[in-house]
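Working notes for the structure below.
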Amino acid sequence: MLEIKNVFASINGVQILKGTNLTIKPGEVHAVMGPNGSGKSTLSKLVSGHPDVEIESGDILLNGESILDDDPDIRALKGVFMAFQYPVEVPGVQNGSFLRMAYNAKRKFQGLDEVDPMDFEELIQEKLKWVGMNEKFLDRPLNQGFSGGEKKRNEILQLAVLEPTLSILDETDSGLDIDALRTVSEAVNKMINKDRSFLVITHYQRLLNHIVPDVVHIFSEGQIIKTGDKSLALEVEEKGYDWLLQPVS
Amino acid sequence: MKVIDFQEKIYNDKTDMWRFANFSKLKKATFSEEAETELCDIESKIEAIIEDDKSSDRFDDCVVIIDGQVDNSLSGVQNVSVDYSQFETSKNDDESVETSDSVLDSSNREWSGSQLILNLDVDSESSAETRVQKRVKLIIVSSEKNNSVNILINCPEKSESSWTVLEVFPESSSFIQNHQLTVNQSDSSKVSVVYLKSLNESTSSDSYHFLKSLVNLGKDCELKTLDCMENSSFTRHKLTVNFEGEDSTADLFGLGLFKDETAQHTHIEINHKVKNCTSSQLYKHMLFNRAYVEFSGLVSVSVGASGTLSNQSNPNLVFSDDARAYSRPQLNILNDDVQCNHGATVGQIDELSLFYLKSRGISEKEAKVVLLKGFIEDVFNDFPECEQEKRSYLEELRNIL
Amino acid sequence: MKNESVLSKKKIEEMAETSYKYGFKTDIESETAPKGLSEDVIRMISKKKNEPEFMLDFRLKALKHLSKMTEPDWANLNYPKIDLQDISYYSEPKVKKKLDSLDDVDPELLKTFEKLGIPLTEQKKLANVAVDAIFDSVSVATTFKDKLLKVGVVFCPFSEALEKYPDLVKKYLGTVVPHTDNYFACVNAAAFTEGSFVYIPKDTLCPMELSTYFRINTEETGQFERTLIVCEDNSYVSYLEGCTAPQFDTNQLHAAVVELVALDNAEIKYSTVQNWYAGDPVTGKGGIYNFVTKRGKCQGKKSKISWTQIETGSAITWKYPGCVLIGEGSIGEFYSVALTTHNQQADTGTKMIHIGKNTKSTIISKGISAGKSQNTYRGLVQMNKSAKGADNFTQCDSMLIGDKCGAHTFPYIDVRNASSTLGHEAATVKVTDEQLFYFQQRGISAEDALTTIVNGFCKDVFKKLPTEFAVEATQLLGLRLEESVG
């Protein structure tokens, strides 16, 4: 599904990723944990093609093909989805119509007919329930005036509707209360199947109680320094990051 | 330049910068060109001020300028060196079209004769930690009816200084004052300029006070200005701020309490010529009686001035049907990487707040004073040294209400 | 309807391919007056149109006054001085026989209308909209007139109004925009050739939206349209104006005048989508000069006049639709989107003059500058001493796209009493890289993202337009942006 091969990358001239390697197979849920400033969020920008990220060397393969030359929208259409840590506000653009626009862009890419607003409304009813929102949510301007929790729910709603093959959750748990965390996690769990992969980026272990990872990576100083199963996350929870960081420095 | 030419030329300018000023009286007025010296009266007043300042330790230096010359006997100068630069006799470049601005410039040069240069001295030994702000008071005295002073203040690199400007006008019934004040801020300097109300506010109908201020900021500078506006028959203050170096900040404040037949014209021009500079304007006006107040705040952002932040606010409270509030918050933007927010409001004291206070047993007058105190408060936030001025505003308000 | 003002990529592509779809010139011979403005020309125009005496007097008075006026130079616009003597003031299609039905219309003309998208021949599609199409200066076809007449609504070409309702025209003509108002209004008063007249009698709600499509056709022929709309007590009308123009090399002056009069409780809603030829995208040559004076007078108590404009075309736009609020409690509104691209220049805004007690005005202006264009908002809000309790809210936002354009805001706020309230807010809005990335991450191309964000920026104005117009406006904006940003 996704292969990140020895990537060195920088943002604003500062090298953040220093030889990152990561392989995610179809159906797998990977978690990347790490202290603040370790560069783990750069990972999500790297895969989704954020213009700030400058790749010095290495390659990213999606289903065996390099996506380095693809614009962010092409990567998205090929199945990469990123749930933003800080979703941007866009005044005047209706949440629902944005969602339909994205949905139709994908349908068009797949050679399918676009859906009209009526059909679309029907189609997303169930997904709305998943994230615990009602239809009024769709009439509001995109992310504008949303609370932190609403923004994150909205991201997951988009994920549920767009059905990507690779989903990256960038600190989705930040700013969520415990109930919202459960709702969001349940929605994500509904999405997990043998064809879809997930990359969950988080600082804390608590999200991983709800979305259970197959593989856990510890990220530090632009590299994965340790890989294990879900027990590794619990160990981090208990001991903090320091014991892991020692050998590197 | 003869006063009569000045009257004629000023009057003819019909550009937006001038056409809202009513010069019909200026045109008709007669000004005698004779000097009318009553210096001894003024001197005793100034001495009293200096004495008062000394006792409250508000200033390090006091520069008394009488008709363009520093008066050594009255001044107490430690941190400032004084210099004069004669203006070259005007070259008469007659190809240029005369605007009111150029009339102000040329008459200022002609009437003042020379530029007074004040160089702030910095202790080269002092480091960033030990550096202290030099507090200078400028007392500009005009004994002549039609007078011009041209002052240049040089603030060297990394210096910190505050300049408090007090003007003293002639006691006579009619006059034209046309002053210019330029401040050059070298890199990493901090400057604060406070324009106090003039000592003897003239309520006569034929006093015309023009002031052109210009501040040029180098890199990484900070500027704060506070204009405590006149309450005289005609005042026009044009304040231009040029950002010449990156990463600088300018915060301009103004407060006007206009209670008589006042004409106040404030023209702010902020030129963002370089990257990453921040400017703000907060000009608050309270209009009583027949006050006519014009506020024009123009922010220009040049092509290269990315990362500009600019804020402007001009709230007006109007208390009289004979008053007139004229506001023009303008923007001129040639760069897409900027954030500018501009605004003006005109209104009255909030009825609801007033009612709330009254329902708590506070008299209407006292309630108004309380609310207006809140209105003027934030103008003074950055000027703790102006506590005395703030109090006098409140006192005045109490008297009017 | 959830259907938002969002454009599909397909549509933009379609539109982009057509580049300037209205850039053609109909091949009909025109009868054109010799160049220049003189008493003879004025008399000729008046005679050709069989005008009553008072009309000729009105024109001649204006012509006389014109010699005392000069072209305004205060606007933030840069263009060569206009030579009024180099313009022809009258042209009409040679086919000018009075036509009773569409079947009698020159087929060539009908083809033009079809290309323009004016569905005269498909009346079903007209969906309750009567169209008074103006081809150059003489009106050739009017529909729905009878239906309107049944309820007493008059909607006809100006010349016809002069013939049939001279007293009404005489009563109101020049009462809102006198010939002395400004240079261009004065030219118009002297030389206007055609326009529309609307009269809504007492207690009448106009049963349909009235729409006029203007079209400039003959090369080097200035267009001087004049529109007069009068709403009697308790009446209502919504009027739509839409413009397209063919591609030419010579600049064309357009100096229209629109006068609206609203009496007690009357409401006039005037909407414009303006898409005239803006000139060659590279050289800026050949675009329309649009110097328009539009003003409404809220004469009656609780009357209301609302201007909505979508300005996307013209090389030069000089336009300040305003309201004079005289009647107690009357309301003036101005909603504007002005998009400038390439070398376009726009200096536009409004004037709200509060005279009556408790009058209220709202101004929402959205300026978008792209390419090398200059976009200026200029607006006056004046509250006179008599306007006790007047209220205004103004919001004018600018968006810049690219680093070669300019956005300028020049408000004039003038309050002369102690009971009025006014709030003016202005801000610059930026399309951020983060916003674009967010759209792209959801599979939406950068171009579509930009169009959508800009449309979102303009939403407050678009929602004031009648539905059909809103769609048209959204598409127009997308097309224009596509052309410039591409």
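The values are calculated or read from the model by the stated rules, or taken from the named source; none is laboratory data. The structure presented is a predicted model; accordingly, all values stated were derived computationally and were not measured. Cβ coordinates were reconstructed from backbone atoms using ideal geometry, including for glycine residues, and neighbour counts include every protein chain displayed. Ligands, DNA and RNA are stripped out before the accessible areas are found, and what is left, the full protein with its side chains, is counted by its heavy atoms. Shrake-Rupley method; radii C 1.70, N 1.55, O 1.52, S 1.80 Å.
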- Query: Can you give the average number of partner chain beta-carbon atoms within 10 Å of each beta-carbon in peptide B:294-307, as a whole number?
  - Reply: 1
- Message: Run the paramagnetic zone check for residue C:48: 7 angstrom along Cα to Cβ, then residues of segment C:154-169 with backbone nitrogen under 18 Å.
- Response: C:157-163
- In the protein assembly as shown, what % of DSSP beta bridges are antiparallel (nearest 5)? 20 percent
- Largest-first ordering by accessible area, 1.4 Å probe, given options C:64, A:226: C:64, A:226
- Query: What is the gain in length, in nm to one decimal, between residue A:177 and residue A:118 on full extension, counting 0.36 nm per residue of separation less the C-alpha to C-alpha distance?
  - Reply: 17.9 nm
- Message: Given the options B:78, B:68, B:49, identify the residue whose Cα lies farthest towards the positive end of the charge dipole of segment B:36-88 (+1 on Cβ of Lys, Arg; -1 on Cβ of Asp, Glu).
- Response: B:78
- Kindly state, to the nearest 0.05, the FRET efficiency for residue B:73 paired with residue B:2, given R0 = 45 Å and r defined as their beta-carbon distance. 0.85
- Note on the structure: One point scatterer per Cα, no solvent, Debye formula: log10 I(q)/I(0) for segment A:176-249 at q = 0.23 Å⁻¹ comes out as -1.10
- Note on the structure: Counting sequence-distant residues (5 or more places) and residues on other chains, those with an amide H built under 5 Å from that of residue A:144 are A:90
- Query: Which percentage, to the nearest 5, of the DSSP beta bridges contained in chain A is antiparallel?
  - Reply: 55 percent
- Query: Using a 1.4 Å probe on the protein chains only, how many percent of the accessible area of segment B:3-348 belongs to carbon and sulfur?
  - Reply: 44 percent
- Item | Set of aspartates and glutamates with alpha-carbon distance to residue C:81 below 12 Å, sequence-local pairs under 8 removed | C:71, C:73
- Note on the structure: By the C-alpha gyration tensor axes a ≥ b ≥ c (rounded if a/c is under 1.5, else prolate when a/b exceeds b/c, else oblate), the shape of segment B:3-348 is rounded
- Message: How far apart, in nanometres, would the label points at residue A:86 and residue B:360 be if each is projected 7 angstrom from Cα along the Cα-to-Cβ direction?
- Response: 3.8 nm
- Task: For residue A:226 and residue A:12, calculate 0.36 nm times their separation in residues minus their Cα-Cα distance, and state this gained length in nm to one decimal.
- Result: 74.3 nm
- Could you run the numbers on buried accessible area between C and A, total for both chains, 1.4 angstrom probe, in Å² to the nearest 100? 2700 Å²
- Note on the structure: Here D for segment B:351-401, in µm²/s, from Stokes-Einstein with a Kirkwood Rh over Cα pairs at 10 °C and 1.306 mPa s, works out to 136 µm²/s
- Message: Let me spell out the model: positive unit charges on the Cβ of Lys and Arg, negative unit charges on the Cβ of Asp and Glu, origin at the Cα centre of segment A:2-245. What dipole size does that give, in debye rounded to 20?
- Response: 300 debye
- Query: residue A:234 versus residue C:427, label points 7 Å from Cα toward the beta carbon: distance in nm?
  - Reply: 4.9 nm
- Note on the structure: Of C:195-206, C:364-375, B:389-400, ordering from highest average Cβ density within 10 Å down gives C:364-375, C:195-206, B:389-400
- Query: Peptide C:385-391: average number of partner chain Cβ atoms within 10 Å per residue?
  - Reply: 1
- Run the 1.4 Å probe and let me know the accessible area of residue A:71, rounded to the nearest 10 Å². 90 Å²
- Message: Beyond a 27 Å Cα-Cα separation, which of these cross-linked pairs lie in this structure: B:137/B:390; C:269/C:351; B:197/B:275; A:18/A:108?
- Response: B:197/B:275; A:18/A:108
- Sorted by accessible area (1.4 Å probe), largest first, how do A:130, C:307, A:243, C:74 line up? C:74, A:243, A:130, C:307
- Message: For a 18 Å ceiling on Cα separation, which of these pairs sit above it: C:319/C:366; B:14/C:297; C:170/C:304; A:5/A:45; B:158/B:224?
- Response: B:14/C:297; C:170/C:304
- Task: Please work out, to two decimal places, the log10 of the ratio I(q)/I(0) at q = 0.04, 0.05, 0.08 Å⁻¹ from a Debye calculation in which every Cα of the protein assembly as shown carries one identical scatterer.
- Result: -0.27, -0.43, -1.03
- How much length, in nm to one decimal, is gained on full extension between residue B:320 and residue B:45, taken as 0.36 nm per residue of separation minus their Cα-Cα distance? 95.6 nm
- Note on the structure: Karplus ³J(HN,Hα) for segment C:55-60 (6.51 cos²θ - 1.76 cosθ + 1.60, θ = phi - 60°; Hz, whole; x = Gly/Pro) runs 5, 4, 4, 4, 5, 5
- Message: Give me the inter-chain shielding for B:312-319: mean count of other chain Cβ atoms within 10 Å, whole number please.
- Response: 2
- Note on the structure: Computed from the beta carbon distance with a Förster radius of 51 Å, FRET efficiency for residue B:290 and residue C:65 to the nearest 0.05 stands at 0.90
- Task: Would you mind checking C:388/C:463; A:78/A:106; C:202/C:301 for any pair whose Cα atoms are more than 19 angstrom apart?
- Result: C:388/C:463
- Okay, helix-only estimate at 222 nm for chain B: each DSSP H run of n ≥ 4 adds -39500 (n - 2.57), divide by all residues, round to 500 deg cm²/dmol; what do you get? -6500 deg cm²/dmol
- Query: Regarding chain A, what whole-number volume in Å³ per residue does the convex hull of its Cα atoms give?
  - Reply: 124 Å³
- Query: Measuring from the lowest to the highest alpha carbon on each principal axis, how far does segment B:330-371 reach, largest first, in angstroms?
  - Reply: 53, 15, 14
